[in-house]
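Read the figures in this text as sums done on the coordinates, not as results from a lab. Just so we're clear, the structure is a prediction, and the values are computed from it rather than from any experiment. Here the Cβ is made from the backbone with ideal geometry for all residues, glycine too, and neighbour counts use every protein chain on show.
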Amino acid sequence: MSIARLLLLLVAMAPSAAFAQEDDASESIAFRWQTVTPAVLDGQGWTDTASPFDRFPGRASSDLRDPVWHLSRNSTGMSVRFTSDATHVRVRWTVTQDRLALPHMPATGVSGLDLYARDEGAWYFVGGARPTESPTNDAEVIAGMTPGPREFKLYLPLYNGVSRLEVGVPEGASFRFEPRSGARPVVVYGTSITQGCCASRPGMAYTAILERRLGVPFINLGFSGNGKAEPEVARLLAELDPAAYVLDPLPNLKPDEVAERMPGLIETIRAARPRTPIVLVEHLIYPNTRFRPVKASDIATSNAHLRRIHEARRAAGDTLITLVPSSDLLGTDGDGTVDDSHPTELGFGRMADGLEPYIRQALASSSQSRGAARKLLAVFAHPDDETMAGPLLAHYGRQPDVEVHLVIAPSGARGAAPFSGIPAGPKLAVAREEEAARAARELGARPPILYGLPDGGLHDMKVLVELAERLKQTIGEIEPDAIVTWGPEGGYGHADHRLVSAVVTQVVQAGGVTDRLYYAALPASGLTPELVASLNFPAPFRPTDDAHLTMRVPYTADDAKRARAALACHVTQFTPQTMDVISALTERVNGNTAYLRPWAGDGRQRTDIFQP
């Protein structure tokens, strides 16, 4: 080989050599790994799933057709937010299917992840993680970022399941998962198009684009080839309590099926959610229908059926249903799809443009139809502490004009009970987070906001400062009308309980938030010294003099039953026998009344925490 050719070869190799050196430098960094749990996921509608990143609850497996159930195990539409000052970010994830790509959709969209960062109030793409093998990949998403704290959003795969996901940042970098959004989501039901076929990465599905634009979470319930508007799916959709529904299944329905099935799908949802807007989406006009007259006729017939269904419901008085015409959703130049139906990023961008004004209007209508919802924020230390106010939360959780939000500060990682078989540590923390999510559902509360602070570590000054700052942020976002927390005694004196109470009080007394702060308490008239002694509890419960308990909220037997069901979710903490004792004690001490001490009371008795 001549010297000239050798020099040319070396020059050609130089860029790849430099890239390899950059990779090697990144690999030499020590990374600290954080495990993603369902408790911090946005875009997941149910907490009682068979696997951590499934879309439907595990109990639905026997009701659904096999293809729908298997597709529901894809992590479509899910994302996790975290804040870090890291200059490098890596991810490790394990997928559940060997197939990493589809013939018309790359592996980066089917099985990959992509990362966004918030800058000046908007989300910007940072980088993606390419899957190269099944089941587990470890990939660098970004290196050499400018230093400084920022919020990130990581999207999960569109057409594969995930059994484990970890985020890695360099040792010494700050990191915390952000709580899942407290905003009511938009639920989108549809086909492969809704599921994101054929986006090149998860953040480019039209639901993800709209989520970033509108600032509310989206739950993506697209099922490739299987958006059939079936009754069992309709019943599942009706279990959710979103800000709006978007129904987009027409591409998977024959014209006669549109007429037969769509009225039932709509009616099932409307019966359960009479005040929730429903957005119907017409069948997309595929780019090659000008050459396919039969297909063009079928699409026109399907859309005509949907328009008649929409008009009939409006005529019957349903003012919260609207229809999106499909004529402008893909454009007319034929450049918006990969094949004859599935959008490219160009197509998904056009769909987002076309849908956005209708969904914005639906969100505005949702706020108007619900009225100004009253908001109750309960702040406690550990998963299971909400049982202290279980009947109260159940009482308000069933009221249609009340939103119940729950904050859990420490992780509960140290609360190991011998009978559970789970040792103290991260695995127990995950189990308790999942229990808290199920308990919140039983109480009618929104998914819990989990800070994940050190269990038993709130006495550390840095942790206390972080707790106060995060509470300020949460209260600012939710804007609660009333707040409930532990009293200064912490129930039975637990240090974390006392500190949570103190920090909540600190934030409230600083001003700028509601002064309707209430301390959950046990009345001295019910919790007699004899009863306290009979409990044989290591640290005795500390009652409050009845004279101070001027907020007395009556609750029903059904409220007590739902509180007992929430208690039963905490199987790592209580045996069935202990649960029976707690329920009996609550009934004996409280009767059918939740007792609270107002932080800023005037001595008058009241029966509603929202009462002036």
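Near Asp98: Cβ cut-off under 15 Å, other residues only, Lys/Arg at +1 and Asp/Glu at -1. The net charge is +1.
Here r is the Cβ-Cβ distance between Gln97 and Ala600 and R0 is 56 Å; the resulting FRET efficiency, rounded to 0.05, is 0.50. For a paramagnetic label modelled on Ser61 (point 7 Å from Cα along Cα→Cβ), amide N atoms under 19 Å away belong, within the stretch 87-128, to 95-98. Indicate the gyration tensor shape class of the stretch 374-598 (rounded, prolate or oblate), computed on the Cα atoms with a ≥ b ≥ c the square roots of the eigenvalues: a/c under 1.5 is rounded; otherwise a/b larger than b/c is prolate and the rest oblate. Taking the square roots of the gyration eigenvalues as a ≥ b ≥ c, the stretch 374-598 is rounded. Count the net charge of all other residues whose Cβ sits under 14 Å from the Cβ of Asp340, scoring Lys and Arg as +1 and Asp and Glu as -1. Local net charge: 0. Qualifying trypsin sites (Lys or Arg not before Pro) in the stretch 541-612, where qualification requires a DSSP coil assignment and no more than 14 other C-beta atoms within 10 Å, comprise Arg604. Shape analysis of the stretch 129-186 places it in the oblate category; the axes a ≥ b ≥ c from the Cα gyration tensor give an a/c of at least 1.5, with a/b not above b/c. log10 I(q)/I(0), Debye, Cα-only the stretch 373-449, no solvent, q = 0.24, 0.28 Å⁻¹? Rounded to two decimals, the profile gives -1.02, -1.27. If only the Cβ of Lys and Arg carry +1 and only the Cβ of Asp and Glu carry -1, the dipole of the chain around its Cα centre is close to 760 debye. Between Glu151 and Arg360, full extension at 0.36 nm per residue minus the direct alpha carbon distance yields a gain of 72.8 nm. Rounded to the nearest 10 degrees, the inclination of helix 495-509 to the longest alpha-carbon principal axis of the chain is 80 degrees. Here the extension length gained between Ser134 and Ala50 equals 28.1 nm, from 0.36 nm per residue of separation less the Cα-Cα distance. Normalised by 2.2 N^0.38 Å, where N is the number of residues, the alpha-carbon radius of gyration of the stretch 249-384 equals 1.30.
Computed extension length for Thr514-Glu171: 119.5 nm, one decimal, from 0.36 nm per residue of separation with the Cα-Cα distance subtracted. Our note on the geometry: Cα centres of the stretch 501-575 and the stretch 332-386, 37 Å apart. Of the cross-linked pairs Lys228/Lys254; Lys375/Lys472; Lys375/Lys561; Lys254/Lys295, those separated by over 20 Å at the C-alpha level are Lys375/Lys561.
So, R0 is 45 Å and r is the distance between the beta-carbons of Asp339 and Thr528; what FRET efficiency does that work out to, to 0.05?
0.05
Once you wrap a convex hull around the alpha carbon atoms of the stretch 32-180, what is its projected area averaged over all directions, in nm²?
9.1 nm²
Working from Cα pairs under 8 Å separated by at least six residues, relative contact order for the chain is 11 percent. Here's the picture: charge each Lys and Arg Cβ at +1 and each Asp and Glu Cβ at -1 in the stretch 374-598, and of Ala424, Ala378, Pro523 the one pushed furthest to the positive end of that dipole is Ala424. Taking a sphere under 11 Å around the Cβ of Arg470 and counting the other residues whose Cβ falls inside, with K and R at +1 and D and E at -1, yields a net charge of -2. Calculate the length of the line joining the C-alpha centroid of the stretch 188-204 to that of the stretch 442-492, in whole Å. The two parts, judged by their Cα centres, are 36 Å apart.
May I ask you to work out the translational diffusion coefficient for the stretch 416-548 at 20 °C, viscosity 1.002 mPa s, via Stokes-Einstein with Rh from the Kirkwood sum over Cα pairs, reported in whole µm²/s?
Numbers: Rh = 17.0 Å.
So the translational diffusion coefficient is about 126 µm²/s.
For the stretch 431-474, list residues with backbone N below 20 Å from a point placed 7 Å from the Cα of Thr556 toward its Cβ? Those under the cut-off are 440-446.
Using R₀ = 35 Å, calculate the FRET efficiency as 1/(1 + (r/R₀)^6) where r is the Cβ-Cβ separation of Asp546 and Phe419; round to 0.05.
For R0 = 35 Å, the calculated efficiency reads 0.45.
Just to check, using Stokes-Einstein with a Kirkwood Rh over alpha carbon pairs, what's the diffusion coefficient of the chain at 4 °C and 1.567 mPa s in µm²/s? It comes out at roughly 49 µm²/s. Taking Cα centroids, how far is the stretch 43-83 from the stretch 151-186 in Å? Distance between centres, Cα-based: 16 Å.
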